[in-house]
Ligand code: SF4
């Protein structure tokens, strides 16, 4: 099968609700509305309550975990943050810990020096501008150092229950590979997904797509024989038309980095 190479996604803050709204009215994908409903119905049977795999204990630690996860695995971030969040689970405690000690906790994570700077800076800003609380709008979240649109969307969804699509590498790949919501940039894919995903499925769609990409529709070789939407999928890369049995999967076990 021909491998479709995609550029790595770059986030930009330009997309806004109006853009997404306009897109909702005009986007056309490779699937009929009924097919899209069926795709997400199957994901919902497999994982009725999908959850993210980044460990956190409150909105602040979620912001920190997502900021640390850029170009790192969730398992690697979890390994570092378990000990970190035991001593620094608020902006005030993070500042008290200080940048140098913070670096020690996260030095197994890529780009840790820069990330430590950002975490200290965002803790300071949370205290000075937001009374130590994590703000609840995308615009405010994106004023925090190291927080881009993707991080803001993850926080809005996971901490505050707002339906958003944070386009990470898995979602970007799947949306293009299976022609569900093709786009050249994460913003385009986000707008396209918002236009095709049925309202009822929007809240969990982010995690369903990430988990499908992480465990089945993998980057190097999609495992189509294990895929519950293989009969519906319109990817030129797919290697099977026979859907895997549709059953609820066991509760997620968050992988622990060795
Ligand atoms: S059939 Fe294959 S390419 Fe299509 S979604 Fe499933 S795993 Fe991905």
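The table below gives the values:
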{"quantity": "Residues (over 11 Å from residue 39 (Cβ atoms), more than 8 Å from the ligand (Cβ to nearest atom) and part of a loop (DSSP other than H, G, I, E, B)) located in segment 219-232", "calculated": "219, 220, 221"}
{"quantity": "Matching option when the condition is in contact with a helix residue (DSSP H, G or I) (Cβ under 9 Å, 6 or more places away or on another chain), part of a helix (DSSP H, G or I) and surrounded by fewer than 21 Cβ atoms within 10 Å (Cβ to Cβ), among 176, 153, 114", "calculated": "176"}
{"quantity": "Residue in segment 243-250 that is in a loop (DSSP other than H, G, I, E, B), at pLDDT 95 or above, within 8 Å of the ligand (Cβ to nearest atom) and surrounded by 15 or more Cβ atoms within 10 Å (Cβ to Cβ) present", "calculated": "no"}
{"quantity": "Criterion (in a helix (DSSP H, G or I), within 22 Å of residue 130 (Cα to Cα) and in contact with a helix residue (DSSP H, G or I) (Cβ under 9 Å, 6 or more places away or on another chain)) met by exactly one of 57, 64", "calculated": "64"}
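Conditions (1) surrounded by fewer than 22 Cβ atoms within 10 Å (Cβ to Cβ); (2) away from the ligand (no atom under 14 Å from the Cβ); (3) in a loop (DSSP other than H, G, I, E, B), marked per residue:
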site	(1), (2), (3)
183	yes, yes, yes
194	no, yes, no
212	no, no, no
234	yes, no, yes
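The values are calculated or read from the model by the stated rules, or taken from the named source; none is laboratory data. What you see is a predicted model; the values in this text were computed from it and never measured. Every residue, glycine as well, gets a Cβ built from its backbone with ideal geometry; the counts of neighbours run over all protein chains shown.
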